[in-house]
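Participant: This structure is in structure tokens; I'll ask about it shortly.
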Amino acid sequence: MYLEAPPQLIGTTMFSPMPEKFRRRGVRTDWADANRPGQPTDCFIEGPAFDAEGRLYVVDIPFGRIFRIAPDGEWSLVIEYDGWPNGLKISADGRVFVADYMHGIMELDVKAGRMQPILTARNSESFKGCNDLHIASNGDIYFTDQGQTGLHDPSGRVYRLSRAGRLDCLIDTGISPNGLVLDPGETVLFVAMTRDNAVWRLPFMKDGNVSKVGRFCSMFGASGPDGLAVDKAGRLFVAHASLGHVFVFAPNGELVAQIKSCAGPSCTNVALGGANRDRLYVTESATGTVLVADISELR
């Protein structure tokens, strides 16, 4: 009989909580009323991404803020604007792209301190609510249009915006499409479908479209999988927004490790960092804390 080894258990430590001076205690927002009704929300951080200098960027959705965290954990406010920044990624040439729930795909001009629209609509229609994005090695941007979709309304979309400006809708039947990431060979796109409590696997065909879309893994809980990351070995890191863990799956779908939050239960996004990309940084949004895990010994 073949017996799988139990998943490896890995702990986290606090890298840096949002400083008290930046927390908006007692301030009501439309975003929190819709997405976290009745829960005090002085911040809700997501979208961790490192720049070339090793500084970590994060977004604060309800208050339209983007922060930069130095390697020593010190926070600085980069911009505050009228929007709901949700996902953030930094391209190989240093450009900072943001999936904004209000406005679509934006670019942050760090030096000028302003947000610039990249894509705000499709065929003159506004998006449902863009959630996250991923940048391919050729510069194409993959992004999710989640809105309030779910099992009751499986109409979430996943798009690809080519470097040349062509917009392709890869799927339009998503059940709350959220975080997304390409595999190392860029032949498969993984998409977290939060309210399906699953990660879908979208293989590319020769023409660039997707076919034979399936569930790579299924989960459980009050919320579902959120942000995703992939390492060089092809392991998929899945942040779960209600279970207080990041789950690690082998390329064949086997659960090989669980990374436990030392703060709250809402692990929303992940980013690989460190000189050897052997540190996993996790946004724990319920407490406004960035956590870190040593994954150098991951089997």
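Coordinate-derived values only; no laboratory data. These numbers come from a predicted model, not from an experiment. As a convention, Cβ positions derive from the backbone with ideal geometry for all residues, glycine included, and neighbour counts pool all protein chains shown.
Participant: Mind checking the log10 I(q)/I(0) for region 59-167 at q = 0.14, 0.16, 0.18 Å⁻¹? Debye, one equal scatterer per Cα, no solvent, two decimals.
Facilitator: Taken in order of the listed q values, log10 I(q)/I(0) reads -0.56, -0.72, -0.90.
Participant: Something else about it: What is the Cα coordinate range of region 200-269 on the first, second and third principal axes, sorted by size from largest, in whole angstrom?
Facilitator: Result for region 200-269: principal-axis Cα extents of 44, 26, 18 Å.
Participant: How much mean residue ellipticity at 222 nm does the chain get from its helices, if each DSSP H run of length 4 or more adds -39500 (n - 2.57) and you divide by all residues, to the nearest 500 deg cm²/dmol?
Facilitator: -500 deg cm²/dmol
Participant: I've got another one for you. Would you list the P(r) distribution for region 104-231, with all Cα-Cα distances sorted into 5 Å bins from 0 and each bin expressed as a whole %?
Facilitator: P(r) over region 104-231, rounded to whole percents: 2, 11, 21, 24, 20, 13, 6, 3, 1.
Participant: If you don't mind, another one. Mind listing the long-range amide H neighbours of Leu170? Cut-off is under 5 Å, sequence gap 5 or more, other chains count too, H placed in the peptide plane at 1.01 Å from N.
Facilitator: The answer is Val158, Tyr159, Arg160.
Participant: Once phi is turned into ³J(HN,Hα) by the Karplus curve 6.51 cos²θ - 1.76 cosθ + 1.60 with θ = phi - 60°, what whole-Hz value does each residue of region 249-259 show in order, with x for glycine and proline?
Facilitator: Each residue of region 249-259 in turn: 10, 5, x, 8, x, 6, 6, 10, 7, 10, 10 Hz.
Participant: Treating only the Cβ of Lys, Arg, Asp and Glu as charged (+1, +1, -1, -1), what charge dipole size does the chain show about its Cα centre? Round to the nearest 20 debye.
Facilitator: 100
Participant: Contour minus end-to-end for Asp82 and Asp278, with contour as 0.36 nm per residue of separation and end-to-end as the Cα-Cα distance?
Facilitator: Here the answer is 67.0 nm.
Participant: Determine, for His240, His152, the number of other Cβ atoms within 10 Å of each Cβ, and report the residues in order from fewest to most.
Facilitator: So the ranking, lowest neighbour count to highest, is His152, His240.
Participant: At what distance in angstrom do the alpha carbon centres of region 125-154 and region 164-179 lie from each other?
Facilitator: Centre-to-centre (Cα) distance: 5 Å.
Participant: Moving on. Counting only residues 5 or more places away or on other chains, whose amide H sits under 5 Å from the amide H of Val256 once H atoms are built in the peptide plane?
Facilitator: Excluding prolines and chain starts, which carry no amide H, the hits are Val248, Phe249, Ala250.
Participant: With only alpha-carbon atoms counted, please give the Rg and Dmax of the chain, in Å.
Facilitator: Reported Rg and Dmax, both Å: 17.8, 62.
Participant: Compute the length gained on full extension between Arg122 and Cys169: take 0.36 nm times their separation in residues and subtract their Cα-Cα distance, giving the result in nm to one decimal.
Facilitator: 15.9 nm
Participant: What does the extension gain come out to for Leu255 and Asp72, with contour length at 0.36 nm per residue minus their alpha carbon separation?
Facilitator: So the chain would gain 62.6 nm between Leu255 and Asp72.
Participant: Can I ask one more? Out of Pro184, Ile45, Phe220, whose Cα points farthest toward the positive end of the dipole of region 18-224 (charges: +1 Lys, Arg; -1 Asp, Glu; placed on Cβ)?
Facilitator: Farthest towards the positive pole: Phe220.
Participant: Residue by residue through region 203-219, which ³J(HN,Hα) values in whole Hz follow from phi under the Karplus form 6.51 cos²θ - 1.76 cosθ + 1.60 (θ = phi - 60°), with glycine and proline marked x?
Facilitator: These are the phi-based 3J(HN,Hα) values: x, 8, 8, 4, 7, x, 7, 10, 8, 6, 5, x, 7, 6, 8, 10, 10 Hz.
Participant: How big is D for region 165-239, in µm² s⁻¹ as a whole number, if Stokes-Einstein is applied with the Kirkwood radius of its Cα pairs at 37 °C and 0.692 mPa s?
Facilitator: Approximately 258 µm²/s, per Stokes-Einstein.
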